[in-house]
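My questions all concern the structure below.
The values are calculated or read from the model by the stated rules, or taken from the named source; none is laboratory data. These numbers come from a predicted model, not from an experiment. Reconstructed Cβ throughout: ideal geometry from the backbone, glycine too, with neighbour counts over all protein chains shown.
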Amino acid sequence: MATSHPTTTTTTAPASPTVEHPAWLPAEAGRHLGGERVHIAGTGPLLETVRAEFDRAIAAYGGCIVDDVATAGIVVIAGAGTSADAPSAVRDAIDATATDSLSDEGYLLSSRDGVTAVVAATDRGALYGVLDLLRSGRPANGMRREEPAHGIRMLDHWDNLTKHPVMGTVERGYAGDSIFFADGDVRADLDRVARYARLLASIGINRVAINNVNVHQTATELLAGKLPDVARIADVFRPWGIRLHLSVNFASPTILGGLESADPVLPEVFEWWRVATDRVYAAIPDFGGYVVKADSEGQPGPFSYGRTHAEGAAPLAAALEPHGGILNWRAFVYNHHQDWRDRSTDRARAAYDHFLPLDGEFADNVAVQVKYGPMDFQVREPISPIIGAMTQTRVAVELQVTQEYTGHQKHVCYLGPLWSEVLNFRFGGDASPPVADIATGGFVAVSNVGTSEFWTGHPLAQANLYAFGRLSWHPLADSIAVLDEWIRATFPGRDSTTHDAIHSIMAGSWASYEKYTAPLGVGFMVNPGNHYGPSVDGYEYTPWGTYHFADRDGIGVDRTVSTGTGFAGQYPSPWRERFESLADCPDELVLFFHHVAYGHVLHSGSTVIQHIYDTHWAGVEDVARMQETWAGLAGVIDAQTHERVTALLVEQARSAREWCDQIRTYFFRKSGIADATGRPIY
Ligand code: GCW
């Protein structure tokens, strides 16, 4: 939920902590490239980055960069052809790309006779290939071809320029302060940003929006007076193939330009955005575009002028278009002044109701950016139906890497499996394309990074950032295989017992989190404001539209067409029928779509009330197992990481227990039905 954002300025922690964790690119990453001779052919500014990467990786082990291709053990070719004396691995790869050409960002890794080749059509592809080599090691003999599924792989930072007394500089940030901003300005020292850009490039992220979608007063200035400083960040991103985006305030023409109105149909408003945007491109020639949160949680927008969101987007899209810029226009538009007594308004319906009528009215360089669920980044929601419904509009799917509703980076909660469910969802049933293929606007996620020495507060939350990058490149990859990749890269050279232990803690951690928090898709039940810890009725009588309707007889939200809010009818077949029917609705979403009696029997065979009792208990047991397994890793994992995770697991266990006891007790008191197993209730 939006909160007010008082803009107090206090002293800022240093941008670079003393011991910064290397994440999935530890220094040892270069070890397997050893004392290699590396030949680099091609042109383009990113090849400087490639050269520096090799220097960093191989110099320590006696390797060097050589001119002679014939004697090299690693050969990088960006675009250019090669001579006949090139090793066979190189010729194999060149032949392969001759028949099936590579895109701008694709590359081939080929190994034969002790030589590894990275072949790409551009220097950008070569950079991705080389970072892959560093991350995952030299491939065995043979060839691996890599192409991203989509060109837009973007992180949104909810970073503010000034500090909020509780949240610091990052809205919903749990990893320290902003790495970009301090004390109302862009940081002077951007070294940390360069290291961040390297991590992001290594997982294929190619766009970053640096500031909060709630654009407060000082941030509005990023588009004007602070532009030279924004350009400094873009300069740091550029060698890593990352384009910078800005979140902008819809009312900028009035706030910055002194216009009387920001009404998006006015010619002077078009003109204002054109001039402002030309200025941005003069400072940052590869600027990516704008992100806009309009008419949402108090942000200004076209509704103030009686205009639609397509009309609202038009002047910004027109200004960006000649420069190749894109506009990410968020669909998170709903009534946050709802009367809880009003049972007919349903927040879940909002994005579809607002945006479907506008399908086809947005310019080509606009992506409507939709949160994966129709409510708000809950641990379990159905997939937002508007993602599948706008067939004439680019749709970008928005995920949340920062753990706002999934444990604030105090809880281990590996989100890969949640995102895979989203990306694999097929609106039209098994024969229809998955969300991964219909997200024509690409993939966006809210970053979880800050000044924390671990980047992400919780060391294991690095896996979520890694997984988002990898899944935005390969949206249908197995998220558990991605986890294994992350474990191998982050903890290199460990034996399989260690690997398996980390895997067992993380692989099911999203499921565990779901067990001990809000049950069966009903959502929320968190403390209002900070969204951490249990408060079953915290949101029940608020204006936010997030209710569970528990009474003495039952719980859940009737979103059926026949007797409820009609939300189920926003899905095409077969889902509208499946969600509509209590008999067919998947267990995990039953309370999202139906209000049922506590004695309702789930497909699992358990009643709703017994399911609540059992899963909450089981979730706490899962966390106890995580603690035990992690304790066994002392001395095997570096001490800094081991101690931090140990301490956070204590908090996770405490918090899970609190959830468990409050939820079990609440439902016993409401229903009067005993837990069949006789476990304690208070
Ligand atoms: O759920 C809400 C969060 C807000 C956030 C908003 C959004 C940036 O609680 O903090 O604001 O989502 O996505 O715009």
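For ARG138, state whether it is touching a His at 6+ places or on another chain (Cβ under 8 Å) and either at pLDDT 95 or above or assigned to a loop (DSSP other than H, G, I, E, B) (or both). Give the derivation first.
Numbers: touching a His at 6+ places or on another chain (Cβ under 8 Å): yes; either at pLDDT 95 or above or assigned to a loop (DSSP other than H, G, I, E, B) (or both): yes.
Yes, satisfied.
List the number of the failed condition for GLY151; all other conditions in (1) closer than 26 Å to ALA396 by Cβ; (2) of a type in the set (Gly, Ala, Ser); (3) within 16 Å of the ligand (Cβ to nearest atom) hold.
Failed condition: (3).
Of a type outside the set (S, T, N, Q), surrounded by fewer than 21 Cβ atoms within 10 Å (Cβ to Cβ) and not in a loop (DSSP other than H, G, I, E, B): does that describe GLY569?
Details: of a type outside the set (S, T, N, Q): yes; surrounded by fewer than 21 Cβ atoms within 10 Å (Cβ to Cβ): yes; not in a loop (DSSP other than H, G, I, E, B): yes.
Yes: the conditions hold for GLY569.
Which of the residues belonging to the stretch 224-240 are surrounded by fewer than 17 Cβ atoms within 10 Å (Cβ to Cβ) and among the aliphatic types (A, V, I, L, M)?
Within the stretch 224-240, just ALA224 meets the criteria.
Next up: Return yes when GLY523 is of a type outside the set (A, V, I, L, M), more than 23 Å from ARG172 (Cα to Cα), at pLDDT 95 or above and under 22 Å from the mean Cα position of the chain (by Cα) and no when it is not.
Spelling it out, it is not the case that GLY523 is of a type outside the set (A, V, I, L, M), more than 23 Å from ARG172 (Cα to Cα), at pLDDT 95 or above and under 22 Å from the mean Cα position of the chain (by Cα).
Quick grid of which residues meet (1) at pLDDT 95 or above; (2) within 21 Å of VAL248 (Cα to Cα); (3) surrounded by fewer than 21 Cβ atoms within 10 Å (Cβ to Cβ):
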position	(1), (2), (3)
LEU320	yes, yes, no
GLY324	yes, yes, yes
LEU327	yes, yes, no
ARG380	yes, no, no
GLY388	yes, no, no
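Here's something else I'd like to know. Consider only pairs whose beta carbons are under 7 Å apart and that are at least six residues apart or on different chains; among these, list those whose first residue lies in the stretch 368-381 and is more than 13 Å from TRP419 (Cβ to Cβ) and whose second residue is near the ligand (Cβ under 10 Å from one of its atoms) and of a type in the set (S, T, N, Q).
What qualifies is MET375/THR546.
If you don't mind, another one. Out of the stretch 62-83, which residues are surrounded by fewer than 17 Cβ atoms within 10 Å (Cβ to Cβ), at pLDDT 80 or above and in contact with a helix residue (DSSP H, G or I) (Cβ under 8 Å, 6 or more places away or on another chain)?
CYS64 - this is the single residue of the stretch 62-83 that is surrounded by fewer than 17 Cβ atoms within 10 Å (Cβ to Cβ), at pLDDT 80 or above and in contact with a helix residue (DSSP H, G or I) (Cβ under 8 Å, 6 or more places away or on another chain).
Under the condition of being among the small types (Gly, Ala, Ser) and farther than 30 Å from PRO543 by Cα, which residue from the stretch 300-347 is farthest from the ligand (Cβ to nearest atom)? Quick ask: steps written out before the conclusion?
Here is the first cut: in the stretch 300-347, the residues among the small types (Gly, Ala, Ser) are 301, 304, 306, 310, 312-314, 317-319, 324-325, 331, 344.
Those still in the list that are farther than 30 Å from PRO543 by Cα too: 314, 317-319, 324-325.
Values: ALA314: 22, ALA317: 20, ALA318: 25, ALA319: 23, GLY324: 26, GLY325: 21 Å.
My answer is GLY324.
In addition: Give the residue that is farthest from ALA182 (Cα to Cα), with candidates limited to residues of the stretch 229-283 that are within 23 Å of the chain's Cα centre (by Cα) and in a loop (DSSP other than H, G, I, E, B).
Checked the stretch 229-283; the qualifying residue farthest from ALA182 (Cα to Cα) is GLY241.
Assigned to a strand (DSSP E or B) and either within 16 Å of the ligand (Cβ to nearest atom) or surrounded by fewer than 24 Cβ atoms within 10 Å (Cβ to Cβ) (or both): does that describe VAL397?
When the stated conditions are applied, VAL397 passes them.
Which residues, taken from the stretch 601-625, are assigned to a helix (DSSP H, G or I) and of a type outside the set (A, V, I, L, M)? Break it down into steps so the answer makes sense when it comes.
Restricting attention to the stretch 601-625, the residues satisfying the condition of being assigned to a helix (DSSP H, G or I) are 608-625.
Once the filter is applied, which keeps residues that are assigned to a helix (DSSP H, G or I) and of a type outside the set (A, V, I, L, M), the stretch 601-625 yields GLN610, HIS611, TYR613, ASP614, THR615, HIS616, TRP617, GLY619, GLU621, ASP622, ARG625.
Moving to a separate point now. ALA98 is checked against (1) modelled with pLDDT of 80 or more; (2) part of a helix (DSSP H, G or I); (3) more than 20 Å from GLU28 (Cβ to Cβ) and fails just one. What number does that condition carry?
(1)
To continue, here is another question. How many of the residues making up the stretch 512-543 are under 18 Å from THR615 (Cα atoms) and of a type outside the set (S, T, N, Q)?
Here the count works out to 16.
Sticking with this one: Taking only the stretch 181-228 into account, find how many residues are part of a strand (DSSP E or B) and either of a type in the set (Asp, Glu) or touching a residue at least 40 places away in the same chain (Cβ under 8 Å) (or both).
Total meeting the criteria: 6.
A follow-up question, please. When you go through ALA461, ALA501 one by one, which is the residue that is surrounded by 24 or more Cβ atoms within 10 Å (Cβ to Cβ) and either within 25 Å of ARG192 (Cβ to Cβ) or hydrophobic (A, V, I, L, M, F, W, C) (or both)?
Checking each option against the conditions leaves just ALA461.
Is it true that ALA86 is modelled with pLDDT under 90, closer than 23 Å to ALA140 by Cα, small (Gly, Ala, Ser) and part of a helix (DSSP H, G or I)?
Taking the combined requirement at face value, the residue does not satisfy it.
Something else now. Considering THR220, THR254, which residue is within 16 Å of the ligand (Cβ to nearest atom), farther than 17 Å from LEU127 by Cβ and surrounded by fewer than 24 Cβ atoms within 10 Å (Cβ to Cβ)?
THR220
Restricting to the stretch 154-164, and then to whatever is within 17 Å of VAL230 (Cα to Cα) and not β-branched (Val, Ile, Thr), can you tell me which residue is nearest to the ligand (Cβ to nearest atom)? Outline the logic, then answer.
Filtering the stretch 154-164 down to residues within 17 Å of VAL230 (Cα to Cα) leaves 155-162.
Still in the running and not β-branched (Val, Ile, Thr): 155-161.
Details: LEU155: 14, ASP156: 9, HIS157: 10, TRP158: 5, ASP159: 11, ASN160: 10, LEU161: 15 Å.
For the stretch 154-164, the residue satisfying everything is TRP158.
Kindly evaluate LEU244 against the criterion of being touching a Phe, Trp or Tyr at 6+ places or on another chain (Cβ under 8 Å), more than 16 Å from the ligand (Cβ to nearest atom), in contact (Cβ under 8 Å) with a residue 12 or more places away in the chain and over 30 Å from LEU46 (Cα atoms).
Details: touching a Phe, Trp or Tyr at 6+ places or on another chain (Cβ under 8 Å): yes; more than 16 Å from the ligand (Cβ to nearest atom): yes; in contact (Cβ under 8 Å) with a residue 12 or more places away in the chain: yes; over 30 Å from LEU46 (Cα atoms): no.
No, not satisfied.
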